[in-house]
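Report on the structure given below.
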Amino acid sequence: MDFLQPSSWDDALAARAERHDALPIAGGTDVMVELNFDRRRPAALLDLTRVPELSEWSVAPDGTVRLGAGVSYGRVIAELGDRLPGLAMAARTVGSPQIRVRGTVGGNLGSASPAGDAHPPLLAARAEVEVASAARGTRRVPVAEFFTGVKRNALAPDELIAAVHVPTAAGPQQFCKVGTRNAMVISVSAFALALHPDRRAVGTGIGSAAPTPRRAPDAEEFLAGELDWDRRPALPEGLARAFGERVAAAASPIDDVRGTAAYRRHSLAVLARRAATWAWDDLRRAA
Amino acid sequence: MTTTEPTTTEPTTTEPTRTGARTGGRIGEDAQRPDGTLKVTGEFAYSSDLWHDDMVWGVTLRSPHPSARIRRVDVSEALTVPGVSAVLTADDVPGENAYGLEHADQPVLAGEFVRYEGEPVALVAADHPETARRAAARIRVDYEVLPALTDPRRALDDDAPQVHPGGNLVRHLRLRRGDPAPTAPVVVSLDFEVGMQDQAFLGPESGLAVPAEDGGVDLYVATQWLHVDQRQICLALGMPPDKVRLTLAGVGGAFGGREDLSVHVHACLLALRTGRPVKMSYGREESFYGHVHRHPAWMTYEFGAEPDGTLVYGKVHTLLDGGAYASSTAAVVGNAGTLGLGPYRFPSVSVDAYGVFTNNPPCGAMRGFGCVQAAYAHEALMDELAAAVGVDPVEIRRRNGVQEGDRNITGQVIDSAAPVAELLERVAALPLPPPPAERPDLRDLPGAVGNTTHGEGVRRGVGYSVTYKNVGFSEGFDDYSTARVRLQVTGGEAVATVHTAAAEVGQGLVTVQQQIARTELGVQQVVVVPADTTVGSAGSTSASRQTHVTGGAVKAACEAVRTAVLQRAAVAVGRPVAGLALDGDKVVGPGGEVLAGLADVLGEDAVEETVEWRHRPTHAIDPETGQGDAHVQFAFSAHRAVVDVDTELGLVKVVALDTAQDVGKAINPDAVVGQIHGGSAQGMGLALMEEVVVTDGHVRNPSFTDYLLPTILDVPPMQVEVLEYADPHAPYGVRGVGEPPTISSGPAVAAAVRAACGRPLRRVPIRPEHVTGI
């Protein structure tokens, strides 16, 4: 197995162009598990940890955060909890402290697991993935279009993930994750919610309950339309419940060793109801 | 955490006379473990760290099928891989191709049949483990897949596939006592199911076999009983015991999972074939296939009682899935049957306990050994009974709990303390945790930082459990240990050397042996040399027995040494031997006055004694009635669990898990509390999350990604009440400590979850979908 270790972004893209069979590795929290279990034997590893551009984040004039693909969950929690609260809440649920120091949001997108913790908040926030190749330069993919199947994403063979662009939260965000123990657990189901009071919109993201992470568009539209954005009265229980049911209906879960399809659907309804209530209460308090 | 010792009892032996400078680190004092710092700093050498400069690596090819006939094994391609030094199959086993703890029914390498997924079929040795794995992948095994028996409830049906030629029954224990057709005004019953738990020791199976010049082999291995390993290895290698020498390597936990052989014979076979030292070390996934698990159980229980809750009768039908090979299933059935009704008085009893073969993973020993499964059923049913007669869960247990002098269900008189009522009262009297905070930290809520609730749907529940367990091997087994103790002067100081074959698996036995030697010989310096087979058997590190049995052997050997030394001292100081004692590295008189230095008395000579020590004999039970004095000692514990349950999502946060346990005598009180903490956590794990999920004979979660163990956010604070009611029949009055907390913690947690959510929950591990009824 070849080990490629570029020290700049251009070199990384050049290496990627040359070696389509190289498996990119950042924190290694997914890749090394695959290698150690002998589920994958890539011809080469493309180590991205020496590329300084990937470990930076910045804020564009419109408030969008450009989060380098190599920024760890630990740094998201410590440095971006105010701008990207949903993503920071999700980062806090990833693995153990050691994993959060190693694991990266870019790596999560690269693995594109339906259970990836970063995905639901990125969906709810309408993030875009910035991908690049030596041949064609940079393009941006809405995160909802980035996931193309179970552990498959929209990357072309010569492309790498450069960054993810996430709008700074304009309103309250929530992330909830069900696991069968109280830490260090892969989600049985997960849900992210973002309220966008500026444009009177609702964003959602569902994890571990479909072949890919996905939004619940009907639920988003329904809640955005029903909420009284002007007066902001307490969220009616019936509305929260109806929203939860629509979120659950958007999932297509399966039975597996971690949980049943029926429970996944049920838990999503509960999580969505609670998250909507908490987020709306936050918005009312902020007013 | 608080530790109280409400009862002090006189030791059963006379302590050495008090002097101005007593030997420290005796029994009853908190003693620091020699391996403690090394383990927390990562410097302890576990068996997986074994290394030899010339060594090659051994790997195992395992069956992908739960049941198949092997038509042909073609190793030719594997042998062509550069770096490979040997490829072995069943044909290469020189002795008998069979091993087993109770019955030698398990092939070293599968011959004609494979009977479970993961059964070893071939071995490869190569200069690098990856090379060996790649070569193993090139072994061509031609399998004819056969129908697999994977539902143990069908095992005894006439048309069930036969796992072994003799049928699928491993053992049926039949127990009858009292009225053969009892009736009672109040009758409660239930069915209960327990999933398959894994020992999940953190140090996977590993060992190093080194071929010796005499044609034999030296094996360094992590295990629980060196001599029973040696016996089985000799049989498979066709070698006498003096050619197969074992030394204990660093053990990273055991919990029963190292009672059966794993790498042992395989590493020796490869070493003898290649003439090179061979290291074998499983990864976590292979470890799930490489050792036995706790038996899953299907149980039907019925209790009859008077209107006040006094028990009249108990009826039990228990089925344990033994998997593909016998392992210790028969003994586990023994416990599930003879102890299966818990520490209660039953005038009439009918028990049928079965262990069966299936094509599921073999099951055998695990901490709690048959009592864990039964406790879930009898404790859930005691709560049902309490509800039926309108008393609280503590009172129903107090009212029916056995006392010293009572007979248990096999008719055996419990002839030392049986403080069931007191344990319950003490654990119930411990302070309860405060109610949930107004704005709790997420980490204190069910779901924790998963942020699934801020208090919505959360209800608190409290549950109780009390259980008992036999200590040591039962049903007539010749259960003994051997200790060799030497006292001699080294560097001007008297040093005691203790040598046994007892396996330190992390429980703290090395420290216990040191404490006993310091107590009995009055010397500060005690060296416990590595456990190996150059001294006689110590028996198994299991059944909560080593402090009792090897502790007894060390004590007896020390006493023999002391007697010899004091006779020598009597001559030297010109005093009668009767008034002399050893303390503070001195020979002291009746008033503690120093008469001579121990080093001076010993001079150049070493005093050495070897003692084989046995506990009181136990007896086989009657095959028709199950009656008999099956057990040597009983250990009792009670738990109270407090849980917060998110009743809408089915997530559980254990808030408190408190214990009261009688340990007879706490030799190392810190270690006793540690055992109780660990046992409680392990029991809680089975109640809430730990399960090897097996579907159609295939393990679906052989990793710590999906076999979940409690984390620090799952394990609550624990208050521990340690009682010390000495067993007059045991050395120092000790009572086994390791297993009881594993037995009573889980049923208390399950009861607490039931109390919180109001559902019957007749299966563990309790999953969120069960709590929510979805």
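Of note:
- Candidates A:Val33, A:Val178, A:Val188: whichever shows maximal mean-square fluctuation once chain A is modelled as a Gaussian network with Cα springs under 10 Å: A:Val33
- For B:Val312, distant residues with modelled amide H under 5 Å away: B:Gly304, B:Ala305, B:Glu306
- The 3J(HN,Hα) values that the Karplus relation (6.51, -1.76, 1.60; θ = phi - 60°) gives for segment B:141-154 are, in residue order, 10, 8, 9, 9, 5, 10, x, 9, 8, 10, 10, x, 5, 9 Hz. Gly and Pro appear as x.
- These residues, A:Glu145, B:Glu306, B:Glu648, go from largest to smallest accessible area, 1.4 Å probe, as A:Glu145, B:Glu306, B:Glu648.
- Estimated purely from DSSP H runs of n ≥ 4, each contributing -39500 (n - 2.57), the mean residue ellipticity at 222 nm for the protein assembly as shown is -8000 deg cm²/dmol once divided by its residues.
- The protein assembly as shown - charge dipole about Cα centre, Lys and Arg +1 at Cβ, Asp and Glu -1, debye rounded to 20: 1940
- Threshold 50 Å², segment B:448-486 residues less accessible with all protein chains present than alone (1.4 Å probe): B:Val449, B:Asn451, B:Thr452
- The stretch between A:Asn36 and A:His20, if pulled fully straight at 0.36 nm per residue, gains 3.6 nm over its current Cα-Cα span.
- For segment A:256-276, a drop of 10 Å² or more in accessible area on going from the chain alone to the assembled protein chains (1.4 Å probe) is found at A:Asp256, A:Val257, A:Arg258, A:Gly259, A:Thr260, A:Ala262, A:Tyr263, A:His266, A:Val270, A:Leu271, A:Arg273, A:Arg274.
- Extension gain for the segment A:Glu56 to A:Arg284, taken as residue separation times 0.36 nm less the Cα-Cα distance, is 78.7 nm to one decimal.
- Label-point gap, in nm, between B:Val391 and B:Glu130 - each point 7 angstrom along Cα→Cβ: 6.7
- Residue-level accessible surface for B:Ser544, protein heavy atoms, 1.4 Å, Å²: 20
- Per residue solvent-accessible surface (Å²) - the protein assembly as shown, probe of 1.4 Å: 36
- Computed about its Cα centre, the charge dipole of segment A:173-286 is approximately 280 debye, with only Lys, Arg, Asp and Glu carrying charge at their Cβ.
- Chain B, relative contact order in percent, only Cα pairs under 8 angstrom and at least six apart counted: 18
- Surface share of carbon and sulfur [accessible, 1.4 angstrom probe, percent] for the protein assembly as shown: 50
- Chain B: C-alpha gyration tensor shape, a/c 1.5 cut-off, then a/b vs b/c: oblate
- Taking A:Pro121, A:Pro172, A:Pro217 in turn, the Gaussian network model of chain A (Cα-Cα springs below 10 Å) assigns the largest fluctuation to A:Pro217.
- Along principal axes, Cα extents of segment B:367-487, largest first, whole Å: 59, 50, 26
- Each residue of segment A:243-256 was assigned a 3J(HN,Hα) from its phi angle through the Karplus expression (A = 6.51, B = -1.76, C = 1.60, θ = phi - 60°), giving 4, x, 5, 5, 4, 4, 5, 6, 7, 10, x, 10, 7, 8 Hz with x at Gly and Pro.
- Label positions at B:Val571 and B:Asp214, each projected 7 Å from the Cα along the C-beta direction, are separated by 3.5 nm.
- In a DSSP loop and with at most 10 other Cβ atoms within 10 Å, the trypsin sites (Lys or Arg not before Pro) in segment A:158-214 are A:Arg199.
- Among A:Phe222, A:Phe146, A:Phe243: highest mean-square fluctuation, GNM of chain A, C-alpha pairs under 10 Å: A:Phe222
- Taking the Cα centre of segment B:141-245 as origin and assigning +1 to Lys and Arg Cβ atoms and -1 to Asp and Glu Cβ atoms, the resulting dipole is close to 600 debye.
- Dipole of chain A [Lys/Arg +1, Asp/Glu -1 at C-beta], most positive-end residue of A:Met1, A:Ser96, A:Leu23: A:Ser96
- In this structure A:Ile77 has an accessible area near 60 Å², from a 1.4 Å probe over the protein heavy atoms.
- With all protein chains modelled, accessible area of B:Tyr116 [1.4 Å, Å²]: 10
- Chain A: angle of helix A:261-286 to the longest principal axis, Cα-based, in degrees nearest 10: 70
- Selection from B:Ser262, B:Ala209, B:Ser744 lying farthest towards where the dipole of the protein assembly as shown points positive, charges on Cβ: B:Ser744
- Annotation: amide H of B:Ser542 has no partner in the under-5 Å range at sequence separation 5 or more or interchain, hydrogens built in the peptide plane.
- Heavy-atom accessible area ranking, 1.4 Å probe, most first, across B:Ile621, B:Ile676: B:Ile621, B:Ile676
- Helical segments meeting 30 Å axial Cα length and Kyte-Doolittle 1.6 threshold in chain B (DSSP H): none
- Positive-end residue, the protein assembly as shown charge dipole about Cα centroid, Cβ charges, pick of B:Ser637, B:Leu235, B:Gly685: B:Gly685
- Chains A and B together bury roughly 3000 Å² of accessible area, counting both sides, with a 1.4 Å probe on protein heavy atoms only.
- B:Asp179-B:Arg700 FRET efficiency (beta carbon distance; Förster radius 45 Å; 0.05 resolution): 0.50
- Cα gyration tensor shape for the protein assembly as shown, rounded if a/c is under 1.5, else prolate or oblate: prolate
- Subset of B:Lys39/B:Lys469; B:Lys469/B:Lys665; B:Lys315/B:Lys653; A:Lys151/A:Lys177; B:Lys243/B:Lys279; A:Lys177/B:Lys653 violating a 23 Å alpha-carbon distance limit: B:Lys39/B:Lys469; B:Lys315/B:Lys653
- Under 5 Å from the amide H of B:Cys363 lie the amide H atoms of B:His293, B:Gly323, B:Ala324, B:Tyr325, each residue being 5 or more positions distant or on a separate chain, with H modelled from the backbone and absent for Pro and chain starts.
The values are calculated or read from the model by the stated rules, or taken from the named source; none is laboratory data. No experiment lies behind these values; they were computed from the predicted model shown. Here the Cβ is made from the backbone with ideal geometry for all residues, glycine too, and neighbour counts use every protein chain on show. The area values use the complete protein model at the heavy-atom level, side chains included, leaving out ligands, DNA and RNA. Shrake-Rupley method; radii C 1.70, N 1.55, O 1.52, S 1.80 Å.
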